[in-house]
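Visitor: The structure that follows is given in the form of C-alpha coordinates.
The values are calculated or read from the model by the stated rules, or taken from the named source; none is laboratory data. Quick caveat, the model's predicted, so the values are computed rather than measured. In this analysis, Cβ positions are derived from the backbone assuming ideal geometry, glycine residues included, and neighbour counts consider all displayed protein chains.
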(Lines give C-alpha, C1' and ligand atoms only; values in the text may rest on other atoms or scores of the structure.)
Protein backbone atom coordinates (compact mmCIF):
# COMPACT_ATOMS: atom_id res chain seq x y z
CA UNK A 1 0.00 0.00 0.00
CA UNK A 2 2.88 2.37 0.78
CA UNK A 3 4.11 1.89 -2.79
CA UNK A 4 0.69 3.01 -4.10
CA UNK A 5 0.79 6.20 -2.01
CA UNK A 6 4.37 6.81 -3.10
CA UNK A 7 3.37 6.51 -6.75
CA UNK A 8 0.39 8.76 -6.12
CA UNK A 9 2.75 11.39 -4.73
CA UNK A 10 5.10 11.02 -7.70
CA UNK A 11 2.04 11.37 -9.93
CA UNK A 12 0.95 14.53 -8.14
CA UNK A 13 4.44 16.02 -8.47
CA UNK A 14 4.62 15.20 -12.18
CA UNK A 15 1.09 16.53 -12.43
CA UNK A 16 2.26 19.81 -10.87
CA UNK A 17 4.85 20.25 -13.60
CA UNK A 18 2.38 19.19 -16.29
CA UNK A 19 -0.16 21.68 -14.96
CA UNK A 20 2.27 24.61 -14.74
CA UNK A 21 3.70 23.94 -18.19
CA UNK A 22 0.39 23.22 -19.91
CA UNK A 23 -1.13 26.29 -18.24
CA UNK A 24 1.62 28.44 -19.79
CA UNK A 25 1.05 26.78 -23.15
CA UNK A 26 -2.70 27.38 -22.86
CA UNK A 27 -2.22 31.06 -21.99
CA UNK A 28 0.16 31.52 -24.94
CA UNK A 29 -2.04 29.61 -27.38
CA UNK A 30 -5.15 31.48 -26.26
CA UNK A 31 -3.62 34.90 -26.82
CA UNK A 32 -1.00 34.44 -29.54
CA UNK A 33 -2.44 31.42 -31.34
CA UNK A 34 1.05 29.94 -31.23
CA UNK A 35 1.85 26.37 -30.25
CA UNK A 36 4.95 27.15 -28.24
CA UNK A 37 7.32 24.28 -28.81
CA UNK A 38 10.09 26.24 -27.08
CA UNK A 39 8.27 25.77 -23.76
CA UNK A 40 10.43 22.82 -22.66
CA UNK A 41 13.63 24.72 -23.42
CA UNK A 42 12.35 27.72 -21.44
CA UNK A 43 11.47 25.41 -18.53
CA UNK A 44 15.07 24.14 -18.68
CA UNK A 45 16.33 27.73 -18.74
CA UNK A 46 14.38 28.42 -15.53
CA UNK A 47 16.24 25.60 -13.81
CA UNK A 48 19.59 26.80 -15.18
CA UNK A 49 18.95 30.38 -14.10
CA UNK A 50 18.26 29.10 -10.57
CA UNK A 51 21.50 27.11 -10.78
CA UNK A 52 23.51 30.15 -11.95
CA UNK A 53 21.94 32.42 -9.36
CA UNK A 54 22.94 30.00 -6.60
CA UNK A 55 26.40 29.07 -7.82
CA UNK A 56 27.55 32.36 -9.33
CA UNK A 57 25.67 34.87 -7.21
CA UNK A 58 24.95 32.97 -4.01
CA UNK A 59 21.27 33.79 -4.51
CA UNK A 60 19.00 31.35 -2.72
CA UNK A 61 16.22 29.12 -4.03
CA UNK A 62 13.58 31.48 -2.64
CA UNK A 63 14.87 34.43 -4.65
CA UNK A 64 15.27 32.15 -7.66
CA UNK A 65 11.54 31.39 -7.50
CA UNK A 66 10.97 35.08 -8.16
CA UNK A 67 13.98 36.02 -10.30
CA UNK A 68 14.20 33.06 -12.69
CA UNK A 69 10.64 33.52 -14.06
CA UNK A 70 11.32 37.25 -14.49
CA UNK A 71 14.67 36.70 -16.26
CA UNK A 72 13.41 33.91 -18.52
CA UNK A 73 10.14 35.82 -19.02
CA UNK A 74 12.14 38.81 -20.33
CA UNK A 75 14.04 36.45 -22.64
CA UNK A 76 10.66 35.16 -23.86
CA UNK A 77 9.38 38.70 -24.43
CA UNK A 78 12.46 39.46 -26.54
CA UNK A 79 11.72 36.32 -28.59
CA UNK A 80 8.13 37.46 -29.05
CA UNK A 81 9.08 41.01 -30.08
CA UNK A 82 11.86 39.99 -32.44
CA UNK A 83 10.40 36.83 -33.99
CA UNK A 84 6.98 35.54 -32.96
CA UNK A 85 5.08 38.79 -33.57
CA UNK A 86 5.77 38.50 -37.29
CA UNK A 87 3.78 35.26 -37.43
CA UNK A 88 0.46 36.93 -36.54
CA UNK A 89 -2.28 35.68 -38.83
CA UNK A 90 -0.21 32.87 -40.33
CA UNK A 91 -0.94 29.16 -40.05
CA UNK A 92 -0.14 27.46 -36.72
CA UNK A 93 2.53 25.44 -38.44
CA UNK A 94 4.84 28.46 -38.79
CA UNK A 95 4.76 29.20 -35.06
CA UNK A 96 5.30 25.55 -34.25
CA UNK A 97 8.30 25.31 -36.57
CA UNK A 98 9.84 28.55 -35.37
CA UNK A 99 9.49 27.68 -31.69
CA UNK A 100 10.74 24.15 -32.37
CA UNK A 101 13.82 25.71 -33.99
CA UNK A 102 14.29 28.03 -31.01
CA UNK A 103 14.02 25.03 -28.66
CA UNK A 104 16.70 23.14 -30.59
CA UNK A 105 19.05 26.14 -30.59
CA UNK A 106 18.61 26.88 -26.87
CA UNK A 107 19.02 23.22 -25.92
CA UNK A 108 22.02 22.89 -28.25
CA UNK A 109 23.76 25.87 -26.70
CA UNK A 110 23.24 24.58 -23.15
CA UNK A 111 24.27 21.07 -24.15
CA UNK A 112 27.43 22.43 -25.74
CA UNK A 113 28.51 24.10 -22.51
CA UNK A 114 27.10 21.77 -19.87
CA UNK A 115 26.93 18.34 -21.52
CA UNK A 116 24.00 16.03 -21.01
CA UNK A 117 24.49 15.00 -17.42
CA UNK A 118 22.64 16.67 -14.58
CA UNK A 119 24.00 19.45 -12.39
CA UNK A 120 23.09 19.21 -8.72
CA UNK A 121 20.79 21.74 -7.08
CA UNK A 122 20.13 21.09 -3.45
CA UNK A 123 16.83 21.36 -1.66
CA UNK A 124 16.68 24.54 0.48
CA UNK A 125 17.33 23.89 4.18
CA UNK A 126 13.80 24.93 5.19
CA UNK A 127 12.29 22.21 2.99
CA UNK A 128 14.62 19.34 3.78
CA UNK A 129 13.43 16.23 5.57
CA UNK A 130 10.02 14.67 5.62
CA UNK A 131 6.89 14.00 7.60
CA UNK A 132 5.55 10.61 8.56
CA UNK A 133 1.84 10.75 7.76
CA UNK A 134 1.20 7.30 9.23
CA UNK A 135 0.30 5.73 5.91
CA UNK A 136 3.32 7.12 4.08
CA UNK A 137 6.45 9.19 4.40
CA UNK A 138 6.07 12.60 2.74
CA UNK A 139 9.26 14.46 1.73
CA UNK A 140 8.54 18.09 2.63
CA UNK A 141 9.99 19.47 -0.62
CA UNK A 142 7.68 17.31 -2.72
CA UNK A 143 4.66 18.37 -0.69
CA UNK A 144 5.75 21.98 -1.16
CA UNK A 145 6.00 21.55 -4.94
CA UNK A 146 2.46 20.18 -5.17
CA UNK A 147 0.91 22.86 -2.96
CA UNK A 148 2.89 25.77 -4.43
CA UNK A 149 2.10 24.68 -8.00
CA UNK A 150 -1.57 24.39 -7.15
CA UNK A 151 -1.57 27.89 -5.63
CA UNK A 152 0.20 29.35 -8.69
CA UNK A 153 -2.21 27.59 -11.06
CA UNK A 154 -5.27 28.84 -9.17
CA UNK A 155 -3.81 32.36 -8.98
CA UNK A 156 -3.23 32.33 -12.75
CA UNK A 157 -6.74 31.05 -13.36
CA UNK A 158 -8.10 33.80 -11.08
CA UNK A 159 -6.05 36.43 -12.90
CA UNK A 160 -7.39 35.38 -16.28
CA UNK A 161 -10.98 34.56 -15.41
CA UNK A 162 -11.84 37.00 -12.66
CA UNK A 163 -9.91 40.24 -13.09
CA UNK A 164 -10.11 43.25 -15.41
CA UNK A 165 -6.73 42.36 -16.89
CA UNK A 166 -7.99 38.83 -17.55
CA UNK A 167 -11.08 40.27 -19.25
CA UNK A 168 -8.75 42.22 -21.59
CA UNK A 169 -6.86 39.02 -22.34
CA UNK A 170 -9.99 37.00 -23.03
CA UNK A 171 -11.51 39.75 -25.15
CA UNK A 172 -8.29 40.21 -27.13
CA UNK A 173 -8.26 36.46 -27.77
CA UNK A 174 -11.64 36.87 -29.50
CA UNK A 175 -11.22 40.19 -31.29
CA UNK A 176 -7.84 41.91 -30.85
CA UNK A 177 -8.67 44.64 -33.38
CA UNK A 178 -11.70 45.83 -31.47
CA UNK A 179 -9.96 45.62 -28.09
CA UNK A 180 -7.19 47.80 -29.49
CA UNK A 181 -9.79 50.23 -30.82
CA UNK A 182 -11.00 50.61 -27.23
CA UNK A 183 -7.62 52.11 -26.32
CA UNK A 184 -5.78 49.02 -25.08
CA UNK A 185 -2.26 48.47 -26.35
CA UNK A 186 -2.84 44.90 -27.55
CA UNK A 187 0.66 44.25 -28.99
CA UNK A 188 2.18 45.12 -25.61
CA UNK A 189 -0.38 42.90 -23.88
CA UNK A 190 0.52 40.00 -26.20
CA UNK A 191 4.21 40.43 -25.36
CA UNK A 192 3.46 40.47 -21.62
CA UNK A 193 1.21 37.41 -21.98
CA UNK A 194 3.99 35.50 -23.69
CA UNK A 195 6.28 36.62 -20.87
CA UNK A 196 3.73 35.32 -18.33
CA UNK A 197 3.45 31.92 -20.03
CA UNK A 198 7.21 31.63 -20.30
CA UNK A 199 7.59 32.75 -16.69
CA UNK A 200 5.32 29.90 -15.59
CA UNK A 201 7.55 27.44 -17.47
CA UNK A 202 10.64 28.91 -15.81
CA UNK A 203 8.95 28.67 -12.40
CA UNK A 204 8.29 24.98 -13.04
CA UNK A 205 11.97 24.65 -13.95
CA UNK A 206 13.07 26.16 -10.63
CA UNK A 207 10.68 23.88 -8.70
CA UNK A 208 11.99 20.89 -10.62
CA UNK A 209 15.72 21.63 -10.16
CA UNK A 210 16.12 20.03 -6.71
CA UNK A 211 14.09 16.94 -7.72
CA UNK A 212 15.27 16.20 -11.25
CA UNK A 213 18.66 17.96 -11.33
CA UNK A 214 19.47 20.64 -13.90
CA UNK A 215 19.95 19.16 -17.39
CA UNK A 216 19.92 20.74 -20.86
CA UNK A 217 17.44 18.12 -22.08
CA UNK A 218 15.14 18.15 -19.03
CA UNK A 219 12.55 20.13 -20.98
CA UNK A 220 12.79 18.06 -24.15
CA UNK A 221 11.96 14.93 -22.13
CA UNK A 222 8.92 16.53 -20.57
CA UNK A 223 7.46 18.65 -23.34
CA UNK A 224 6.05 15.78 -25.42
CA UNK A 225 3.99 14.56 -22.45
CA UNK A 226 2.93 18.14 -21.70
CA UNK A 227 1.68 18.57 -25.26
CA UNK A 228 -0.34 15.39 -24.86
CA UNK A 229 -1.78 16.88 -21.65
CA UNK A 230 -2.68 20.09 -23.49
CA UNK A 231 -4.33 18.18 -26.32
CA UNK A 232 -6.36 16.13 -23.84
CA UNK A 233 -7.37 19.20 -21.80
CA UNK A 234 -8.10 21.31 -24.86
CA UNK A 235 -5.87 23.97 -26.40
CA UNK A 236 -6.45 27.35 -24.87
CA UNK A 237 -8.51 26.20 -21.90
CA UNK A 238 -7.04 27.50 -18.64
CA UNK A 239 -8.94 25.37 -16.12
CA UNK A 240 -8.81 22.41 -18.52
CA UNK A 241 -5.01 22.57 -18.52
CA UNK A 242 -4.76 22.71 -14.74
CA UNK A 243 -7.19 19.86 -14.05
CA UNK A 244 -5.86 17.68 -16.85
CA UNK A 245 -2.26 18.31 -15.78
CA UNK A 246 -2.83 17.11 -12.24
CA UNK A 247 -5.22 14.32 -13.27
CA UNK A 248 -2.87 12.85 -15.85
CA UNK A 249 0.04 12.99 -13.41
CA UNK A 250 -2.03 10.95 -10.98
CA UNK A 251 -3.21 8.53 -13.69
CA UNK A 252 0.41 8.04 -14.74
CA UNK A 253 1.38 7.39 -11.11
CA UNK A 254 -1.42 4.87 -10.63
CA UNK A 255 -0.44 3.12 -13.85
CA UNK A 256 3.11 2.84 -12.53
CA UNK A 257 1.69 0.96 -9.55
CA UNK A 258 -0.87 -1.24 -11.28
CA UNK A 259 0.73 -1.84 -14.68
CA UNK A 260 4.22 -0.29 -14.83
CA UNK A 261 4.81 -1.38 -18.43
CA UNK A 262 2.13 1.05 -19.63
CA UNK A 263 3.18 4.01 -17.46
CA UNK A 264 5.12 5.74 -20.23
CA UNK A 265 2.37 5.35 -22.79
CA UNK A 266 -0.84 5.78 -20.80
CA UNK A 267 -0.96 9.55 -21.43
CA UNK A 268 -0.64 9.03 -25.18
CA UNK A 269 -3.28 6.29 -25.22
CA UNK A 270 -5.61 8.68 -23.43
CA UNK A 271 -4.73 11.40 -25.93
CA UNK A 272 -5.68 9.16 -28.83
CA UNK A 273 -8.97 8.21 -27.16
CA UNK A 274 -9.85 11.84 -26.43
CA UNK A 275 -8.95 12.91 -29.97
CA UNK A 276 -11.21 10.20 -31.36
CA UNK A 277 -14.16 11.15 -29.17
CA UNK A 278 -13.68 14.93 -28.77
CA UNK A 279 -11.09 16.39 -31.13
CA UNK A 280 -11.06 19.81 -29.42
CA UNK A 281 -10.06 18.21 -26.10
CA UNK A 282 -12.10 17.77 -22.94
CA UNK A 283 -12.64 21.48 -22.31
CA UNK A 284 -11.09 23.17 -25.31
CA UNK A 285 -12.21 25.38 -28.12
CA UNK A 286 -11.55 24.74 -31.79
CA UNK A 287 -8.11 25.93 -32.91
CA UNK B 1 -18.67 67.16 -53.83
CA UNK B 2 -16.46 70.27 -53.94
CA UNK B 3 -14.74 71.07 -50.68
CA UNK B 4 -16.23 74.58 -50.47
CA UNK B 5 -19.81 73.33 -50.82
CA UNK B 6 -19.15 70.70 -48.25
CA UNK B 7 -17.72 73.22 -45.78
CA UNK B 8 -20.77 75.43 -46.44
CA UNK B 9 -23.10 72.56 -45.62
CA UNK B 10 -21.06 71.96 -42.48
CA UNK B 11 -21.21 75.61 -41.40
CA UNK B 12 -24.99 75.89 -41.77
CA UNK B 13 -25.77 73.76 -38.77
CA UNK B 14 -22.55 74.02 -36.88
CA UNK B 15 -23.25 73.76 -33.18
CA UNK B 16 -19.65 74.01 -32.14
CA UNK B 17 -16.09 74.14 -33.49
CA UNK B 18 -14.85 71.77 -36.11
CA UNK B 19 -13.93 68.54 -34.34
CA UNK B 20 -13.20 66.19 -37.25
CA UNK B 21 -11.81 67.12 -40.61
CA UNK B 22 -11.34 64.41 -43.24
CA UNK B 23 -9.49 65.34 -46.41
CA UNK B 24 -8.67 63.19 -49.45
CA UNK B 25 -9.01 60.02 -47.40
CA UNK B 26 -8.07 56.90 -49.30
CA UNK B 27 -8.11 53.35 -47.93
CA UNK B 28 -7.27 49.88 -49.13
CA UNK B 29 -8.17 46.33 -48.09
CA UNK B 30 -5.16 44.46 -49.37
CA UNK B 31 -5.06 45.22 -53.10
CA UNK B 32 -8.61 46.58 -53.20
CA UNK B 33 -8.81 50.36 -53.29
CA UNK B 34 -12.00 51.18 -51.34
CA UNK B 35 -11.95 54.91 -50.53
CA UNK B 36 -10.97 57.31 -53.31
CA UNK B 37 -10.60 60.66 -51.60
CA UNK B 38 -13.26 61.22 -48.94
CA UNK B 39 -13.78 64.82 -47.72
CA UNK B 40 -16.08 65.88 -44.90
CA UNK B 41 -16.24 67.68 -41.57
CA UNK B 42 -18.00 67.09 -38.28
CA UNK B 43 -18.65 69.92 -35.83
CA UNK B 44 -18.74 69.50 -32.08
CA UNK B 45 -22.16 68.51 -30.76
CA UNK B 46 -23.54 67.42 -34.13
CA UNK B 47 -25.04 64.16 -35.31
CA UNK B 48 -23.71 63.59 -38.82
CA UNK B 49 -24.88 60.65 -40.89
CA UNK B 50 -23.08 58.93 -43.72
CA UNK B 51 -25.66 57.51 -46.11
CA UNK B 52 -25.08 55.26 -49.06
CA UNK B 53 -25.69 51.89 -50.62
CA UNK B 54 -24.09 48.65 -49.51
CA UNK B 55 -20.39 48.61 -50.32
CA UNK B 56 -20.20 52.38 -50.88
CA UNK B 57 -17.41 52.78 -48.31
CA UNK B 58 -19.30 54.06 -45.23
CA UNK B 59 -17.99 51.46 -42.79
CA UNK B 60 -14.51 51.71 -44.29
CA UNK B 61 -14.61 55.45 -43.62
CA UNK B 62 -15.35 54.87 -39.93
CA UNK B 63 -12.70 52.15 -39.71
CA UNK B 64 -10.18 54.43 -41.39
CA UNK B 65 -10.87 57.18 -38.87
CA UNK B 66 -10.49 54.61 -36.08
CA UNK B 67 -7.19 53.38 -37.52
CA UNK B 68 -8.22 49.78 -38.05
CA UNK B 69 -7.66 49.70 -41.80
CA UNK B 70 -4.25 48.46 -42.87
CA UNK B 71 -3.45 51.10 -45.47
CA UNK B 72 -4.73 54.68 -45.42
CA UNK B 73 -3.68 57.95 -47.03
CA UNK B 74 -4.86 61.54 -46.86
CA UNK B 75 -5.53 63.57 -43.77
CA UNK B 76 -7.78 62.98 -40.76
CA UNK B 77 -7.68 65.75 -38.19
CA UNK B 78 -9.33 65.26 -34.83
CA UNK B 79 -9.29 68.36 -32.65
CA UNK B 80 -6.67 69.72 -35.07
CA UNK B 81 -4.35 66.76 -34.54
CA UNK B 82 -3.56 64.62 -37.58
CA UNK B 83 -4.34 61.01 -36.69
CA UNK B 84 -3.77 59.35 -40.05
CA UNK B 85 -0.64 57.60 -38.78
CA UNK B 86 -1.81 56.94 -35.21
CA UNK B 87 -2.58 53.41 -34.06
CA UNK B 88 -6.16 52.62 -33.05
CA UNK B 89 -5.37 52.47 -29.31
CA UNK B 90 -3.87 55.97 -29.47
CA UNK B 91 -6.85 57.24 -31.46
CA UNK B 92 -9.22 55.82 -28.84
CA UNK B 93 -7.24 57.57 -26.12
CA UNK B 94 -7.71 60.88 -27.92
CA UNK B 95 -11.44 60.55 -27.30
CA UNK B 96 -12.89 58.72 -30.30
CA UNK B 97 -15.06 55.66 -29.61
CA UNK B 98 -16.26 53.16 -32.18
CA UNK B 99 -19.32 50.91 -32.07
CA UNK B 100 -18.91 48.36 -34.90
CA UNK B 101 -21.64 47.11 -37.19
CA UNK B 102 -21.31 43.53 -35.90
CA UNK B 103 -21.52 44.96 -32.33
CA UNK B 104 -18.42 43.14 -31.16
CA UNK B 105 -19.87 41.67 -27.98
CA UNK B 106 -17.37 39.24 -26.45
CA UNK B 107 -18.77 35.77 -25.83
CA UNK B 108 -16.18 34.90 -23.19
CA UNK B 109 -17.22 37.92 -21.10
CA UNK B 110 -20.44 38.49 -19.19
CA UNK B 111 -22.47 41.68 -19.64
CA UNK B 112 -20.75 43.43 -16.73
CA UNK B 113 -17.30 42.57 -18.11
CA UNK B 114 -18.31 43.67 -21.61
CA UNK B 115 -19.63 46.93 -20.20
CA UNK B 116 -16.52 47.66 -18.15
CA UNK B 117 -14.04 46.46 -20.79
CA UNK B 118 -13.14 49.72 -22.60
CA UNK B 119 -10.86 51.69 -20.32
CA UNK B 120 -11.74 55.23 -19.28
CA UNK B 121 -9.63 57.35 -21.63
CA UNK B 122 -10.54 60.75 -20.26
CA UNK B 123 -12.82 62.27 -17.62
CA UNK B 124 -16.42 63.06 -18.44
CA UNK B 125 -17.76 59.59 -19.25
CA UNK B 126 -21.27 58.66 -18.17
CA UNK B 127 -21.47 57.00 -14.75
CA UNK B 128 -22.97 53.51 -14.64
CA UNK B 129 -26.21 54.77 -13.02
CA UNK B 130 -26.82 57.06 -15.96
CA UNK B 131 -26.04 54.25 -18.42
CA UNK B 132 -28.53 51.97 -16.66
CA UNK B 133 -31.01 54.81 -16.78
CA UNK B 134 -30.56 54.86 -20.59
CA UNK B 135 -30.56 51.07 -20.92
CA UNK B 136 -32.48 49.53 -17.99
CA UNK B 137 -32.40 46.04 -19.58
CA UNK B 138 -28.66 45.83 -19.13
CA UNK B 139 -28.86 46.26 -15.38
CA UNK B 140 -31.06 43.20 -15.10
CA UNK B 141 -28.75 41.06 -17.22
CA UNK B 142 -25.35 41.98 -15.83
CA UNK B 143 -24.36 38.39 -15.12
CA UNK B 144 -25.53 36.92 -18.44
CA UNK B 145 -23.05 35.93 -21.09
CA UNK B 146 -22.68 38.86 -23.50
CA UNK B 147 -23.74 36.97 -26.60
CA UNK B 148 -26.80 35.47 -24.87
CA UNK B 149 -28.52 38.87 -25.03
CA UNK B 150 -31.09 39.63 -27.71
CA UNK B 151 -29.94 41.58 -30.78
CA UNK B 152 -31.39 44.82 -29.39
CA UNK B 153 -29.80 44.30 -25.98
CA UNK B 154 -26.45 43.56 -27.61
CA UNK B 155 -26.70 46.80 -29.56
CA UNK B 156 -27.51 48.67 -26.35
CA UNK B 157 -24.53 47.04 -24.67
CA UNK B 158 -22.28 47.94 -27.59
CA UNK B 159 -23.32 51.60 -27.32
CA UNK B 160 -23.39 51.64 -23.51
CA UNK B 161 -19.84 50.44 -23.08
CA UNK B 162 -18.34 53.31 -25.09
CA UNK B 163 -20.29 55.92 -23.12
CA UNK B 164 -18.31 55.16 -19.97
CA UNK B 165 -14.95 55.91 -21.51
CA UNK B 166 -15.11 59.69 -21.59
CA UNK B 167 -14.82 59.74 -25.38
CA UNK B 168 -16.87 62.64 -26.67
CA UNK B 169 -16.86 61.63 -30.32
CA UNK B 170 -18.86 58.47 -31.03
CA UNK B 171 -18.90 56.57 -34.30
CA UNK B 172 -21.89 54.25 -34.59
CA UNK B 173 -21.93 51.83 -37.50
CA UNK B 174 -25.48 50.84 -38.48
CA UNK B 175 -26.83 50.70 -34.92
CA UNK B 176 -30.33 49.76 -36.11
CA UNK B 177 -29.40 46.91 -38.40
CA UNK B 178 -31.64 43.88 -37.93
CA UNK B 179 -33.53 45.34 -34.97
CA UNK B 180 -37.27 45.51 -34.27
CA UNK B 181 -38.98 48.92 -34.78
CA UNK B 182 -39.55 49.42 -31.06
CA UNK B 183 -35.83 48.90 -30.35
CA UNK B 184 -34.89 51.22 -33.23
CA UNK B 185 -37.09 53.87 -31.65
CA UNK B 186 -35.34 53.37 -28.31
CA UNK B 187 -31.93 53.72 -29.94
CA UNK B 188 -33.15 56.90 -31.65
CA UNK B 189 -34.16 58.34 -28.27
CA UNK B 190 -30.79 57.37 -26.88
CA UNK B 191 -28.90 59.12 -29.68
CA UNK B 192 -31.03 62.25 -29.23
CA UNK B 193 -30.30 62.20 -25.50
CA UNK B 194 -26.59 61.68 -26.08
CA UNK B 195 -26.59 64.67 -28.38
CA UNK B 196 -28.21 66.72 -25.62
CA UNK B 197 -25.49 65.52 -23.25
CA UNK B 198 -22.94 67.07 -25.62
CA UNK B 199 -21.67 64.01 -27.50
CA UNK B 200 -20.71 64.40 -31.14
CA UNK B 201 -21.90 61.46 -33.22
CA UNK B 202 -20.88 60.19 -36.62
CA UNK B 203 -23.46 57.70 -37.73
CA UNK B 204 -23.45 55.23 -40.60
CA UNK B 205 -26.95 54.22 -41.59
CA UNK B 206 -28.80 52.50 -44.39
CA UNK B 207 -32.07 53.10 -42.61
CA UNK B 208 -32.71 56.59 -43.90
CA UNK B 209 -35.98 57.02 -42.03
CA UNK B 210 -34.22 56.39 -38.75
CA UNK B 211 -31.32 58.69 -39.66
CA UNK B 212 -33.72 61.54 -40.46
CA UNK B 213 -35.02 61.50 -36.87
CA UNK B 214 -31.62 62.07 -35.30
CA UNK B 215 -29.21 63.65 -37.81
CA UNK B 216 -28.22 67.31 -38.17
CA UNK B 217 -26.42 66.74 -41.46
CA UNK B 218 -25.97 64.06 -44.08
CA UNK B 219 -23.23 63.04 -46.45
CA UNK B 220 -23.89 60.62 -49.27
CA UNK B 221 -21.09 58.13 -49.99
CA UNK B 222 -20.80 56.37 -53.32
CA UNK B 223 -17.90 54.40 -54.80
CA UNK B 224 -15.59 55.53 -52.01
CA UNK B 225 -16.32 59.25 -52.40
CA UNK B 226 -18.64 61.82 -50.84
CA UNK B 227 -20.96 62.79 -53.67
CA UNK B 228 -23.36 65.09 -51.83
CA UNK B 229 -24.04 66.69 -48.49
CA UNK B 230 -26.90 68.68 -46.94
CA UNK B 231 -28.39 69.65 -43.62
CA UNK B 232 -31.57 68.30 -42.07
CA UNK B 233 -33.37 71.53 -42.99
CA UNK B 234 -32.55 70.89 -46.64
CA UNK B 235 -33.73 67.31 -46.48
CA UNK B 236 -37.19 67.82 -47.97
CA UNK B 237 -35.74 69.65 -50.97
CA UNK B 238 -33.26 66.85 -51.55
CA UNK B 239 -35.58 63.88 -51.18
CA UNK B 240 -35.75 62.99 -54.88
CA UNK B 241 -32.00 63.16 -55.24
CA UNK B 242 -31.58 61.07 -52.14
CA UNK B 243 -33.92 58.38 -53.42
CA UNK B 244 -31.84 58.19 -56.56
CA UNK B 245 -28.60 57.96 -54.61
CA UNK B 246 -29.90 55.25 -52.31
CA UNK B 247 -31.89 53.44 -54.94
CA UNK B 248 -35.07 53.37 -52.83
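Visitor: Picking from A:95, A:166, A:118, which residue would you name as being surrounded by 14 or more Cβ atoms within 10 Å (Cβ to Cβ), without any contact (Cβ under 8 Å) to a residue 24 or more places away in the chain and touching a helix residue (DSSP H, G or I) at 6+ places or on another chain (Cβ under 9 Å)?
Guide: The conditions single out A:166.
Visitor: Sticking with this structure for a sec: Restricting attention to the stretch B:139-168, which residues are away from chain A (no Cβ under 13 Å), touching a strand residue (DSSP E or B) at 6+ places or on another chain (Cβ under 7 Å) and in contact (Cβ under 8 Å) with a residue 40 or more places away in the chain?
Guide: B:159, B:168 - these are the residues of the stretch B:139-168 that are away from chain A (no Cβ under 13 Å), touching a strand residue (DSSP E or B) at 6+ places or on another chain (Cβ under 7 Å) and in contact (Cβ under 8 Å) with a residue 40 or more places away in the chain.
Visitor: What about residue A:236, is it within 14 Å of chain B (Cβ to nearest Cβ) and surrounded by 23 or more Cβ atoms within 10 Å (Cβ to Cβ)?
Guide: It is true that residue A:236 is within 14 Å of chain B (Cβ to nearest Cβ) and surrounded by 23 or more Cβ atoms within 10 Å (Cβ to Cβ).
Visitor: Looking only at residues in the stretch B:79-96 that are at positive phi and under 18 Å from the mean Cα position of the chain (by Cα), which one is nearest to the other protein chains (Cβ to nearest Cβ)?
Guide: For the stretch B:79-96, the residue satisfying everything is B:95.
Visitor: Would you mention how many residues in the stretch B:1-34 are within 23 Å of residue B:95 (Cβ to Cβ) and at pLDDT 85 or above?
Guide: Residues flagged as within 23 Å of residue B:95 (Cβ to Cβ) and at pLDDT 85 or above within the stretch B:1-34 amount to 8.
Visitor: Of all the residues that make up the stretch B:194-210, how many are in a helix (DSSP H, G or I) and modelled with pLDDT of 90 or more?
Guide: Total satisfying the criteria: 3.
Visitor: Being in contact (Cβ under 8 Å) with a residue 60 or more places away in the chain and either under 20 Å from residue A:188 (Cα atoms) or within 9 Å of chain A (Cβ to nearest Cβ) (or both) is the filter; apply it to the stretch B:97-138 and report the residue that is surrounded by the fewest Cβ atoms within 10 Å (Cβ to Cβ).
Guide: The residue in question is B:100.
Visitor: Looking at the stretch A:169-185, which of its residues are modelled with pLDDT of 95 or more and either more than 7 Å from chain B (Cβ to nearest Cβ) or under 18 Å from the mean Cα position of the chain (by Cα) (or both)?
Guide: A:179
Visitor: Return the only residue of A:102, A:190 being within 14 Å of chain B (Cβ to nearest Cβ) and assigned to a helix (DSSP H, G or I).
Guide: A:190
Visitor: Would you please name the residue that is surrounded by the fewest Cβ atoms within 10 Å (Cβ to Cβ), looking only at residues in the stretch B:79-96 that are touching a helix residue (DSSP H, G or I) at 6+ places or on another chain (Cβ under 8 Å) and in a loop (DSSP other than H, G, I, E, B)?
Guide: B:87
Visitor: May I ask you to verify whether residue A:165 is over 30 Å from residue A:11 (Cα atoms), touching a strand residue (DSSP E or B) at 6+ places or on another chain (Cβ under 9 Å), within 14 Å of chain B (Cβ to nearest Cβ) and in a helix (DSSP H, G or I)?
Guide: No.
Visitor: Might you let me know whether the stretch A:28-50 holds any residue that is more than 17 Å from the chain's Cα centre (by Cα), more than 23 Å from residue A:165 (Cα to Cα) and buried (at least 21 other Cβ atoms within 10 Å of the Cβ)?
Guide: no
Visitor: Look at residue A:222 and say whether it is out of contact with any strand residue (DSSP E or B) (no Cβ under 8 Å at 6 or more places or on another chain), in contact (Cβ under 8 Å) with a residue 12 or more places away in the chain and part of a loop (DSSP other than H, G, I, E, B).
Guide: no
Visitor: When you scan the stretch B:57-78, do you find a residue that is free of Cβ contacts under 8 Å to residues at least 24 places away in the same chain, at the interface with chain A (Cβ under 10 Å from one of its Cβ atoms), touching a helix residue (DSSP H, G or I) at 6+ places or on another chain (Cβ under 7 Å) and not in a loop (DSSP other than H, G, I, E, B), even just one?
Guide: no
Visitor: Among (1) exposed (fewer than 12 other Cβ atoms within 10 Å of the Cβ); (2) over 17 Å from the mean Cα position of the chain (by Cα); (3) under 30 Å from residue A:185 (Cβ atoms), which single condition is residue A:155 missing?
Guide: (2)
Visitor: What number of residues within the stretch A:1-51 are part of a loop (DSSP other than H, G, I, E, B) and within 18 Å of residue A:102 (Cβ to Cβ)?
Guide: Looking only at that region, the number is 6.
Visitor: Residue A:269 passes all but one of (1) part of a helix (DSSP H, G or I); (2) buried (at least 18 other Cβ atoms within 10 Å of the Cβ); which number fails?
Guide: Of everything listed in (1) part of a helix (DSSP H, G or I); (2) buried (at least 18 other Cβ atoms within 10 Å of the Cβ), residue A:269 misses just condition (2).
Visitor: Okay, moving on. Hey, among B:172, B:179, which residue is part of a strand (DSSP E or B) and surrounded by 19 or more Cβ atoms within 10 Å (Cβ to Cβ)?
Guide: Sole residue among the options that is part of a strand (DSSP E or B) and surrounded by 19 or more Cβ atoms within 10 Å (Cβ to Cβ): B:172.
Okay, residues lined up against (1) more than 19 Å from the chain's Cα centre (by Cα); (2) modelled with pLDDT of 90 or more; (3) more than 14 Å from residue A:12 (Cα to Cα):
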site	(1), (2), (3)
A:248	no, yes, no
A:256	yes, yes, no
A:266	yes, yes, yes
A:283	no, no, yes
